[in-house]
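*Asks:* Can you read through this structure? Questions will come right after.
The values are calculated or read from the model by the stated rules, or taken from the named source; none is laboratory data. Just so you know, these numbers come straight off a predicted model, no measurement behind them. A quick note on method: Cβ atoms are made from the backbone with ideal geometry, for glycine too, and the neighbour counts reach across all protein chains shown.
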Amino acid sequence: MSNGFKSLKVYQLSYQLAMKIFKISKNFPVEEKYSLTDQIRKSSRSVCANIAEAYRKRRYPKHFTSKITW
């Protein structure tokens, strides 16, 4: 039985990368906290969120495609 989107290899890899980015960004200068650091963290999390949303909408081909392409 599938665990949904969390069983997808691409989701697992993007989640691992998002966690690495978070840990690395902890060492960024304090003055970058609300600009560069925040943007990097948000963008890394959005990859995981888009994969999850696309998976839930996979029965709608156009919506699914729009979430996994640029």
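*Asks:* Is it fair to say Pro61 is farther than 21 Å from Lys9 by Cα and out of contact with any Cys (no Cβ under 7 Å at 6 or more places or on another chain)?
*Replies:* On the way: farther than 21 Å from Lys9 by Cα: no; out of contact with any Cys (no Cβ under 7 Å at 6 or more places or on another chain): yes.
When the stated conditions are applied, Pro61 does not pass them.
*Asks:* If I ask for residues that are exposed (fewer than 15 other Cβ atoms within 10 Å of the Cβ) and in contact with a helix residue (DSSP H, G or I) (Cβ under 7 Å, 6 or more places away or on another chain), which ones from segment 61-70 would you list?
*Replies:* Within segment 61-70, just Ile68 meets the criteria.
*Asks:* Which ones in segment 1-54 are at pLDDT 90 or above, polar (S, T, N, Q) and either over 9 Å from the mean Cα position of the chain (by Cα) or surrounded by fewer than 16 Cβ atoms within 10 Å (Cβ to Cβ) (or both)?
*Replies:* Ser7, Gln12, Gln16, Ser25, Asn27, Gln39, Ser43, Ser46 - these are the residues of segment 1-54 that are at pLDDT 90 or above, polar (S, T, N, Q) and either over 9 Å from the mean Cα position of the chain (by Cα) or surrounded by fewer than 16 Cβ atoms within 10 Å (Cβ to Cβ) (or both).
*Asks:* Just to verify a result, which residue in segment 1-51, among those that are outside any helix (DSSP H, G or I) and polar (S, T, N, Q), is farthest from Phe64 (Cα to Cα)?
*Replies:* Ranking the qualifying residues of segment 1-51, first place goes to Asn27.
*Asks:* Let me ask you something else. Taking the criterion of being in contact with a helix residue (DSSP H, G or I) (Cβ under 8 Å, 6 or more places away or on another chain) and in a loop (DSSP other than H, G, I, E, B), would at least one residue in segment 52-60 satisfy it?
*Replies:* Yes, segment 52-60 contains a residue that is in contact with a helix residue (DSSP H, G or I) (Cβ under 8 Å, 6 or more places away or on another chain) and in a loop (DSSP other than H, G, I, E, B).
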